[in-house]
Amino acid sequence: MDGSIILYPSPGRGHLASMVELAKHILGHHPSFSVTVLLLSTPPPDTHFVAAVSATHPSITFHHVPAVSLPNSDDLSSSPANFILSTFEIVRLHNPTLQETLVSLSKSSAIKAFIIDFFCNAAFGVSASLNIPTYYYFTSGASGLASFLYVPALHKKYPDSFKDLNESIIMPGFPPVSPRDMPMAISNRSLKVYSCFFDTAVQMAKSAGLIINTFDSFEPSALKALRDGLCVPDGATPPTYCVGPLVAAGGGTKGGEERHECLGWLDLQPSRSVLFLSFGSMGVFSARQLKEIAIGLERSEVRFLWVVRVPPPHDEARHGSAEVEPGVEPFLPEGFVDRTRGRGKIVESWAPQVEVLGHGSVGGFVTHCGWNSVLEAVCGGLPMLAWPLYAEQRLNRAYLVEEMKLALSVTESEEDGLVSADELEERVNELMRSEKGRAIKDRVLPMRDAATAALSEGGSSLSTLAELIGSIKAGSSEVDVPDLVTSSTGIGGGLGSASAVKIST
């Protein structure tokens, strides 16, 4: 064996799933390594997902980092306002037990590399103190990474917050961006989470390398800016490794159930006739917005498959409901389901997205622009209608629409962010029936083929993976272990000053 590679995903299904795909990718082409995925207990990981991966890929080892006591704080709540800050903080609080875990794992196999999600930035201090080469895995694309690494430069360029600027933001490798499209955590410096993103951008520039879930021909402008060093103007940029697109294979089931009924419904629809609407694991709309979507779909007369969740508990429409877990139909226009029966189908909460996007009946995708969804659409050869909701998704939309020209965009109301029925109807028809929509399809099909080629023998992503493995093999095979008794407080509390005992592995 060539030693072990330790992967450290942040909490959240999307990030865990992407990191697991990286583990599969490494083992599928370089099985001489052992690969361990570390799991935090807060929030609890998806046990069904972990069990399924363990059953189909027993070579991937899952290891639970021992739990720590977490403060009962609003900053650690799961509310949207605090979710990102909570993730950074939960990872930081686990540093002492992470340190113990890495030391323990190093005794049985040489740790050749520690690959961390960017939300796990606090762990970089632990691995650096143990002399473990550390790489960041950026679960979004090269365009997102370029803008993220440029945050310290933006901090200098705009001494005050630029969230209220009336001019476009200029970043290397990126089309001009409206300040409204910048993630709130970056544009609003009064938020606590801003310092987390700033510090992460600085630390990433000091890592052994940056692994990106993309492929060379997909985001050439952003990759050129990264590799030319334009995104880290005050220092060197680490090597970048494009190893994607890493997309989970579609299974069409959830939790071992029979094939999902929506796939049977798709089997009966004409080729490329169905519009698929799905907004990620956290995509939730108000009752008012759900009704606008329904009206727009009904008026468009386009066939559709729509994944719908009930409005959030604080929505006014739920105040009069006695049901703890109501269905979605009461929140849609009266008679909508009956009137659209045959050409439309509602799926509550979840659908097997990868398999749906790969189905021959699907001809377009309304997406929240999460990176996993973007890659899945490209691999399915589908034009997109971009409707971002949170995080970096507005930046993804800007790049997809303006630079790649693989998507159309919905226009939200500036007052309340609502997308009207009229707007959705027009954009849906434009995507599915107009020359503009066909032009997007003509561009996305060659990109689908390029994605396949990148992961084929001799392709750019497989060659880059070999370069990454070469870098990992050339790294240190010794772990410097601080005295755990004197450094139990973790990073910032004695880890750096602890006496070191060298363990040769």
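FYI, it's all coordinate maths here, none of it is from the lab. Worth saying up front: this structure is predicted, and the values here are computed from it rather than measured. Backbone-built Cβ (ideal geometry, glycine too); neighbour counts: all protein chains shown.
Below are the figures for this structure:
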{"item": "Value in Å of the Kirkwood radius, where the stretch 261-453 supplies the Cα pairs that are averaged", "result": "16.9 Å"}
{"item": "Full-extension gain in nm, LYS206 to SER54, via 0.36 nm per residue minus C-alpha separation", "result": "51.4 nm"}
{"item": "Neighbour-count order for ASP216, ASP267, fewest beta carbons within 10 angstrom listed first", "result": "ASP267, ASP216"}
{"item": "Tilt relative to the chain, helix 421-433 - C-alpha long axis, 0 to 90 degrees, to 10", "result": "80 degrees"}
{"item": "Under 5 Å, built H, 5+ apart or other chain: amide partners of LEU305", "result": "LEU275, PHE276, LEU277, LYS345"}
{"item": "Estimated 222 nm signal from helices in the chain, with DSSP H stretches of n ≥ 4 weighted -39500 (n - 2.57), rounded to 500", "result": "-11500 deg cm²/dmol"}
{"item": "Above-threshold pairs, the threshold being 29 Å between Cα atoms, out of LYS24/LYS163; LYS156/LYS206; LYS157/LYS192; LYS345/LYS436; LYS107/LYS224", "result": "LYS24/LYS163; LYS107/LYS224"}
{"item": "Full-stretch length increase - ALA236, ARG259 - with 0.36 nm per residue and alpha-carbon distance subtracted", "result": "3.3 nm"}
{"item": "Those residues of the stretch 91-116 whose amide nitrogen sits under 19 Å from the label point placed on GLU478, 7 Å along Cα→Cβ", "result": "103-114"}
{"item": "Longest exposed-site-free window of the chain, the sites being GluC sites (Glu not before Pro) in a DSSP loop that have at most 10 other C-beta atoms within 10 Å", "result": "1-166"}
{"item": "For LEU7, residues with placed amide H under 5 Å, excluding near neighbours", "result": "THR36, VAL37, LEU38, ILE115"}
{"item": "Amide proton proximity set for ASP480, modelled H, under 5 Å, gap of 5+", "result": "ASN131"}
{"item": "Net length gained if the chain between ASP2 and ASP338 were fully extended (0.36 nm per residue, minus Cα distance)", "result": "114.9 nm"}
{"item": "Sites THR47 and SER463 - FRET efficiency at Förster radius 25 Å, r taken between beta-carbons, to 0.05", "result": "0.10"}
